[in-house]
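Structure, as structure tokens:
A short reminder: the numbers here are calculations on the coordinates, not readings from a lab. Here the structure is a predicted model, which means the values were calculated and not measured. Methodologically, a virtual Cβ is constructed for each residue, glycine included, from the backbone with ideal geometry; neighbour enumeration extends over all protein chains shown.
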């Protein structure tokens, strides 16, 4: 059975995130931020985090189709918020999700977003339920380096 971790960089240092990923045995990070840049934490800008991960022996991929803030109004509600129900049915999103599942069987994978708390991130609200439907075991890598099963966390939500 395939297992995928989720992780949010939050306000961690780059070294702390790398240590957590390495300690968890992650071999590949799939960046699911719609816009992989941070004004407040520039060490997590796409180029810089990709270089740091590569130097640490972790592969990096950016998958914008799995982002929670898609471009254009078609996948947003009237107030401008992303419509996760529409996104979850959008062919590019579903194709990217299927690729994620297929390739995660080959390497220990974590999906990464900016939000440190998995409960407050699109990765848990949008991506994780669809991974679980596909038979994937999901675990959340927390900022302190601990790992919690999604099923256990979901019972607390």
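For 1, 77, 112, the sequence from fewest to most other C-beta atoms within 10 Å is 1, 77, 112. Expressed as a fraction of 2.2 N^0.38 Å, the C-alpha radius of gyration for the chain is 0.98.
Note on 58, 127, 87: ascending count of other Cβ atoms within 10 Å places them as 58, 87, 127, the fewest first.
The separation of segment 96-157 from segment 1-74, counted between C-alpha centres, amounts to 13 Å.
Residues of segment 40-56 falling in the label zone of residue 11, defined by backbone nitrogen less than 14 Å from a point 7 Å along Cα to beta-carbon, are 40-42.
Here the alpha carbons of segment 91-157 define both size measures, Rg and Dmax, at 11.9, 35 Å. For segment 1-77, the calculated P(r), taken from all Cα-Cα distances in 10 Å bins from zero up to the bin holding the longest distance, is 17, 50, 25, 7, 0 percent.
In terms of the mean number of neighbouring beta-carbon atoms within 10 Å, the peptides 144-150, 2-8, 120-126 order highest first as 2-8, 120-126, 144-150. Legend: calculated FRET efficiency, residue 55 to residue 154, from the Cβ-Cβ distance at R0 = 30 Å, rounded to 0.05, equals 0.30.
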